[in-house]
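Below you'll find the structure, written out as structure tokens, and then a few comments.
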Amino acid sequence: MRQRFETLIDALLPVIATLAALAVGALMLLALKVNPIEAYAALWDGAFGSTNALAETLVKATPLLLVALGICISFRGDVINIGGEGQMIIGAVLATWVGLTFTGLPGWLVITLAMVAGFTGGAVWGGVPGVLKAYFNVNEILSTVMMNAIAVQLMNFLLRGPMIDPSQAQLASKIPQTARLEDAFHLARLAPTRLHLGALIAVILAILVYILLWRTTLGFRIRAVGQSPFASRYAGIKVPRYMVLALLLSGAFAGLAGAVQVYGVNYRMITDGSASGFTGSAGFNGIVAALFGQLHPLWSIPASILFGALLVGANSMQRMVQVPSALITVLNGLVVVFVVSSEIWRRRRQRRRMAAAPEAESPSKPDQAQVRKEAKS
């Protein structure tokens, strides 16, 4: 019973961390002379209070879930991917190029090609840091962050030049955006709201990633490399190959998130010059959603919905109770800090339990007189 209780506490730690972050946020609201109950009621109403609110929450959660699935793969393989923002951008650029180039093809075929292009683009952008890590021992955190910066500058160049909307090309104040995709290329709506087919695709992929990691040899080898590269190498697993594969797949899902965002929400690429201008920081928030889901693809589904609700509901809270926009950023940041800290605490609890576990008793020596008696008989 004690072991089950400890397991339950570990599972609930992210939820406890989120509640603690909201409690600290309540103190900040009180300092601003705002009723925390009214503020959080506005947050809940903005995220789940109506059909449209729920749809917006799921729309916001979709790219978070896709990025989180990639993070589950890379972190399980013990390679840290901080490049989701850049991988989303590259996937979106290639997917948009497909939609603007092959206008004569049927809509279903263009959408399929665009999703494949986004998946491939993100995979290539994630695979480069994977190769640098596996074969040249380059820190993947630094390389993925630097790849983010390269992707942003490439996006700015393309959206202000070769891929700019023709209607903006002749204007003095050009908006960095592409032309709008044709209506036939839009992802189908699942309801009379903005909720689109990408949400269903993300849930199906979460199930497939779970099967990949825990029901296939490939997934076992990725997890084995993450648990112990030295033991995996001794067992004959090609460790560098699976490090590259983990980052490649992680980037692929982020690139797919970018493609889904274009074909399901924006119907074009548009930016303010920063990565978050297009991604909405989904490349970073997806990491937190994956950690909240304890790096499990299926648990990442409710975790992504939670963070989607926080993002959507926080905007509603800002409008309803007139709190500064900076407080919304702080509130989201608190949730991130507390959730990440809870993961560290969970690991420490596990180490303490292992250290405190009583050593297995050695088998008692057999009674010599009994042995001699049995031998004579």
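Using the Cα gyration tensor of the range 40-157, with a ≥ b ≥ c the square roots of its eigenvalues, what is the shape: rounded (a/c below 1.5), prolate (a/b larger than b/c) or oblate (neither)?
On the way: a/c = 2.22, a/b = 1.22, b/c = 1.81.
In terms of gyration-tensor shape, oblate.
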### Query
Tell me, in nm to one decimal, what length is gained between ILE204 and ARG347 on full extension, where the rule is 0.36 nm per residue of separation less the Cα-Cα distance?
48.5 nm
### Summary
About its Cα centre, the range 78-227 carries a charge dipole, from +1 on Lys and Arg Cβ atoms and -1 on Asp and Glu Cβ atoms, whose size in debye to the nearest 20 is 180
### Local electrostatic count, ILE328, Cβ distance below 15 Å [Lys/Arg +1, Asp/Glu -1]
+2
### Task
Could you check the simple spin-label distance between PHE220 and ALA355, using points 7 Å along Cα→Cβ, in nm with one decimal?
3.3
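At a 10 angstrom cut-off on C-beta neighbours, averaged per residue, how do the peptides 165-176, 53-64, 102-113 rank from highest to lowest? Spell out each step's value before the answer.
Working: 165-176: 11.8, 53-64: 24.6, 102-113: 14.4.
Going from most to least packed, we get 53-64, 102-113, 165-176.
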### Query
Ordered by residue, what ³J(HN,Hα) values in Hz, to whole numbers, does the range 242-252 give under the Karplus form 6.51 cos²θ - 1.76 cosθ + 1.60, where θ = phi - 60° and Gly and Pro are x?
7, 5, 4, 4, 4, 6, 5, 5, 4, x, 4
#### Entry: Relative contact order for the range 262-365, counting Cα pairs under 8 Å that sit 6 or more residues apart, in percent
17
### Matching label, Cα extents along the principal axes in Å computed from the structure shown, candidates (1) 78, 50, 39; (2) 105, 55, 37; (3) 57, 52, 41
(2)
### Task
Treating only the Cβ atoms of Lys and Arg (+1) and Asp and Glu (-1) as charged, compute the dipole magnitude of the range 11-142 about its Cα centre; round to the nearest 20 debye.
120
### Query
Can you give the helix-only mean residue ellipticity at 222 nm for the chain, where every DSSP H stretch with n ≥ 4 adds -39500 (n - 2.57) and the sum goes over all residues, rounded to the nearest 500 deg cm²/dmol?
-25000 deg cm²/dmol
### Task
Return one quarter of the surface area of the convex hull spanned by the alpha-carbon atoms of the range 259-327, equal to its mean projected area, in nm².
5.8
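Any read-out appearing in this document is the output of simple, stated calculations on the displayed coordinates, not a laboratory observation. The shown structure was predicted, so the numbers you read here are calculated from the model rather than taken from an experiment. Glycine also receives a Cβ, built like all others from the backbone with ideal geometry; neighbour counts cover every protein chain displayed.
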